[in-house]
Amino acid sequence: MNKIDKSAYAGTLESSDAFIEIKPIDQDEIRIELHSSVEEMYGDDIRDLITKCVQELGISYISIKVQDKGALDYVIKARLQAAILRANQKDKIEWEKL
């Protein structure tokens with residue numbers, strides 16, 4: 001599994017968006033901290049989406065803090081991907097993985 005190089009974030013705290021902050025950690029795990037206005041109804045689905053996205057990108061050793069304001073799945077996924085790309089300072093993006 002790949003590690004991220006540094007902390008990074010993407011998104012806003014506007015309605016229908018999500019603010020995602022990621023940090024490298026020393027343990028081989030995907031740690032998710034979720035704060036969502038729709039957590040009671042969709043919290044498990046949001047966590048599953050985040051886990052699947054991170055696994056598809058081959059990332060582990062990561063802590064993810066999500067402040068969701070009712071974002072749709074594709075917004076959450078795009079914000080997470082952007083944060084991971086920023087953390088790894090990718091010059092060449094492997095689009096087929098996204």
Review point. Among the listed residues 81, 27, 55, 67, which satisfies the condition of being over 13 Å from residue 3 (Cα atoms) and modelled with pLDDT under 95?
Key: 81
Revision key, fill the gap. Residue count, segment 50-59, condition more than 23 Å from residue 14 (Cα to Cα) and either surrounded by 14 or more Cβ atoms within 10 Å (Cβ to Cβ) or in contact with a Gly (Cβ under 9 Å, 6 or more places away or on another chain) (or both), comes to 3
Check your understanding: Residues of segment 22-49 being surrounded by 13 or more Cβ atoms within 10 Å (Cβ to Cβ) and part of a loop (DSSP other than H, G, I, E, B), which ones?
Key -> 25, 37, 38
Review point. Can you spot a residue in segment 61-84 that is hydroxyl-bearing (Ser, Thr, Tyr) and within 12 Å of the chain's Cα centre (by Cα)?
Key: yes
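Quickly run through segment 1-21 and pick out the residues that are among the aliphatic types (A, V, I, L, M), under 20 Å from residue 78 (Cβ atoms) and not in a strand (DSSP E or B).
Quick first cut of segment 1-21, residues among the aliphatic types (A, V, I, L, M) only: 1, 4, 8, 10, 13, 18, 20.
Remaining after also requiring under 20 Å from residue 78 (Cβ atoms): 4, 8, 10, 13, 18, 20.
Once the filter is applied, which keeps residues that are among the aliphatic types (A, V, I, L, M), under 20 Å from residue 78 (Cβ atoms) and not in a strand (DSSP E or B), segment 1-21 yields 4, 13.
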Point to revise | Given (1) free of Cβ contacts under 8 Å to residues at least 40 places away in the same chain; (2) under 15 Å from the mean Cα position of the chain (by Cα), number of the condition residue 42 does not satisfy | key: (2)
Practice item. Identify all residues within segment 55-75 that are touching a helix residue (DSSP H, G or I) at 6+ places or on another chain (Cβ under 7 Å), closer than 19 Å to residue 24 by Cα and part of a helix (DSSP H, G or I); write none if there are none. Key: 56
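The values are calculated or read from the model by the stated rules, or taken from the named source; none is laboratory data. These numbers come from a predicted model, not from an experiment. Cβ sites come from the backbone with ideal geometry, for glycine too, and all protein chains shown count toward neighbours.
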